[in-house]
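Have a look at the structure below before the remarks.
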Amino acid sequence: MSKPSTKARTLLLQDAAKRADKYLDGLDRRRVAPSRRALAGLSAFDRPMPRSPVDGGRILSFLDTKGSPATVATAGGRYFGFVIGGALPATLAANWLAGAWDQCNGAAVLSPAAVKIEDTALRWLQNVLRLPSRASGGFVTGATMANFTGLAAARHRLLARAGWDVESRGLFGAPEIRVVVGDEVHVSVLKALALLGLGHGRITRVPADDQGRMRVDALPRLDERTIVCVQAGNVNTGAFDDVIAVYTRAGASGAWVHVDGAFGLWARASPRLAGLARGFEKADSWSIDAHKWLNVPYDSGIALCRDMDAMKVAMSVNAPYLQRGGGREPHHYTPEMSRRARSVEIWAALSNLGRSGLADLLDRTCRHARRFAEGLSEAGHEILNDVVLNQVLVRFGDDETTNRVVAAIQEDGTCWCGGTVFKGSAAMRISVSSWATTEGDVEESLGAMLRIAKTVAALPRARRAAKKRR
Ligand SMILES: *Cc1c(COP(=O)(O)O)cnc(C)c1O
């Protein structure tokens with residue numbers, strides 16, 4: 001294929017920018033979940049790979065016509081499912097430019113610019129999250145890989161202390177490590193433990209309280225062969241484990257404390273919320289998402305560790321062709337070698353928001369969450385959690401009615417919320433994590449929730465059952 005002319009490239013990139021802008025403009029007016037028609041349109045992709053080259057403009061047009069309508073409007077202001085952020089315009093623009101750079105962020109020699117930006121972003125993160133100055137780390141795809149990276153460092157350190165070189169010898173015949181988690185541990189921690197050969201079936205699960213916090217009084221004895229995984233921000237309730245009590249129990253035992261702080265750790269960047277996340281700076285490793293509450297494009301997470309030697313031994317590789325610079329080599333701190341320059345958007349978000357803007361984003365989304373809780377509770381619906389952060393759990397009568405309301409809200413399209421089971425009861429989760437959510441979005445969505453809950457409750461049971469069968 002011949003190289004496209006400069007003119008053709010210019011037109012193509014401008015077309016992409018125009019289409020993207022139009023897409024974002026349309027988010028306010030469209031349904032949050034794609035329509036049935038848009039979903040049916042996806043069958044257009046069921047065709048064979050072209051025999052010969054196709055012009056970039058035609059590909060883009062096809063992608064926009066068939067793909068855009070079938071996306072979920074998570075970039076808009078009325079998506080409250082899972083824990084999903086949007087993308088601040090400054091981060092999207094930075095992402096486009098970094099896409100044009102096409103830097104491989106694995107080694108300093110491959111991209112001095114990306115490495116400099118990474119170093120700066122790490123320094124700022126450590127500072128804004130008020131973590132120890134020794135703590136540093138790497139940029140990964142998300143909190144799952146950040147949990148994996150932090151726990152790999154923990155595995156290294158604990159076994160090295162026992163005289164076992166796990167990177168070289170593996171786990172066969174290794175001294176045992178005990179892993180302690182709260183009963184409401186996020187599944188990504190379990191996955192990371194499985195990937196690391198630590199097994200998610202041989203862990204100690206500590207019972208959780210009514211907000212999903214680890215009950216510290218039920219912690220087993222901790223020692224230098226124990227990893228304790230604590231949570232900053234329960235995925236259902238937003239609650240924080242009492243990490244200070246965990247340290248009190250751990251004493252000087254040498255237990256490694258790993259924090260799954262995917263979204264909750266950001267609370268430390270807001271003076272209003274910081275009290276919730278007190279004490280987490282004393283941990284040994286931290287997992288944080290940037291694509292959730294920091295509102296950068298997917299995918300983006302950060303693995304931080306106090307013991308950088310442990311992290312480096314767990315992650316680094318060596319080969320004669322890997323030319324070393326004098327500074328920090330990014331691939332020594334992440335599972336990946338080649339990867340995109342994720343720190344660019346994180347740097348752009350922190351630059352764009354500044355300290356006050358970041359605190360405002362965090363506070364504002366929490367305020368929206370409280371407004372949802374207040375409006376739903378006033379209408380007589382049961383709020384299951386203490387709304388301390390950006391998460392709300394609501395129940396609409398019994399399990400069956402709750403599930404039907406969730407399904408009807410998703411079908412209605414004004415907003416989108418997911419269902420969950422909390423303490424054995426069906427509930428709807430509302431997570432407000434996007435910079436794009438306005439007060440208007442909250443009122444419109446709340447109005448839809450209340451209207452739909454009323455309609456569903458008014459449907460007699462028999463008719464509901466019949467409808468289900470149809
Ligand atoms: C989202 C989340 C994860 C997993 O993060 P990914 O970015 O999806 O890998 C882990 N822990 C908690 C508490 C989360 O909310």
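The values are calculated or read from the model by the stated rules, or taken from the named source; none is laboratory data. The structure displayed is predicted, hence computed values, not measured ones. Heads up, the Cβs are rebuilt from the backbone with ideal geometry, glycines too, and the neighbour counts pull from every protein chain shown. Just so you know, the surface numbers come from the protein's heavy atoms only, side chains and all, with ligands and any DNA or RNA stripped out. Shrake-Rupley method; radii C 1.70, N 1.55, O 1.52, S 1.80 Å.
Descriptive notes on the structure:
- CYS415 sits among other residues whose Cβ lies under 13 Å from its own Cβ, and their net charge, with Lys and Arg +1 and Asp and Glu -1, is -1.
- Beta bridges assigned by DSSP with both partners in the chain are antiparallel in approximately 60 percent of cases.
- Derived scalar couplings ³J(HN,Hα) [segment 121-132; Karplus, 6.51 cos²θ - 1.76 cosθ + 1.60; whole Hz; x for Gly, Pro]: 4, 4, 5, 5, 4, 4, 6, 6, 8, 6, 9, x
- Here the chain is scanned for GluC sites (Glu not before Pro) in DSSP loops (not H, G, I, E, B) that have at most 15 other Cβ atoms within 10 Å, and the longest stretch holding none of them is 225-470.
- Length added when fully stretched, SER351-SER61, from 0.36 nm per residue minus Cα-Cα: 101.1 nm
- Segment GLN323-GLU176, length gained on full extension (0.36 nm per residue, minus Cα span): 49.2 nm
- Net charge of neighbours whose Cβ lies under 12 Å from the Cβ of ASP15, counting Lys and Arg as +1 and Asp and Glu as -1: +2
- Derived scalar couplings ³J(HN,Hα) [segment 322-330; Karplus, 6.51 cos²θ - 1.76 cosθ + 1.60; whole Hz; x for Gly, Pro]: 7, 5, 9, x, x, x, 6, 9, x
- Three-way shape label, segment 100-141, alpha-carbon gyration tensor, a/c 1.5: prolate
- Distance between the 7 Å Cα→Cβ label points at LYS423 and LEU459: 2.8 nm.
- Between ARG278 and SER43, the contour length at 0.36 nm per residue exceeds the alpha carbon distance by 79.6 nm.
- Shown in residue order for segment 265-282 are the 3J(HN,Hα) couplings computed by the Karplus curve 6.51 cos²θ - 1.76 cosθ + 1.60 at θ = phi - 60°: 5, 4, 3, 5, 8, 10, x, 5, 9, 4, x, 5, 10, 5, x, 5, 5, 7 Hz (x for Gly and Pro).
- Looking at segment 246-345, the trypsin sites (Lys or Arg not before Pro) that sit in a DSSP loop and have at most 13 other Cβ atoms within 10 Å of their own Cβ are ARG272, ARG324.
- Calculated FRET value between GLU378 and THR71, using beta carbons and R₀ = 25 Å, to 0.05: 0.15
- When the trypsin sites (Lys or Arg not before Pro) in segment 7-97 are filtered for DSSP coil states and for at most 12 other beta-carbon atoms within 10 Å of their beta-carbon, the remaining sites are ARG29, ARG51.
- Calculated accessible area for segment 191-302 comes out at 34 Å² per residue, all protein chains present (probe 1.4 Å; ligands, DNA, RNA ignored).
- Using only side-chain charges placed at the Cβ, +1 for Lys and Arg and -1 for Asp and Glu, the dipole size of the chain relative to its Cα centre rounds to 1140 debye.
- Solvent exposure of segment 76-159 amounts to 35 Å² per residue of accessible area, where only protein heavy atoms count and the probe is 1.4 Å.
- Hypothetical label at GLU224: residues of segment 166-208 whose amide nitrogen lies under 15 Å (7 Å Cα-Cβ projection): 175-178
- Heavy-atom surface analysis with a 1.4 Å probe gives the chain a carbon and sulfur content of 54 percent of its accessible area.
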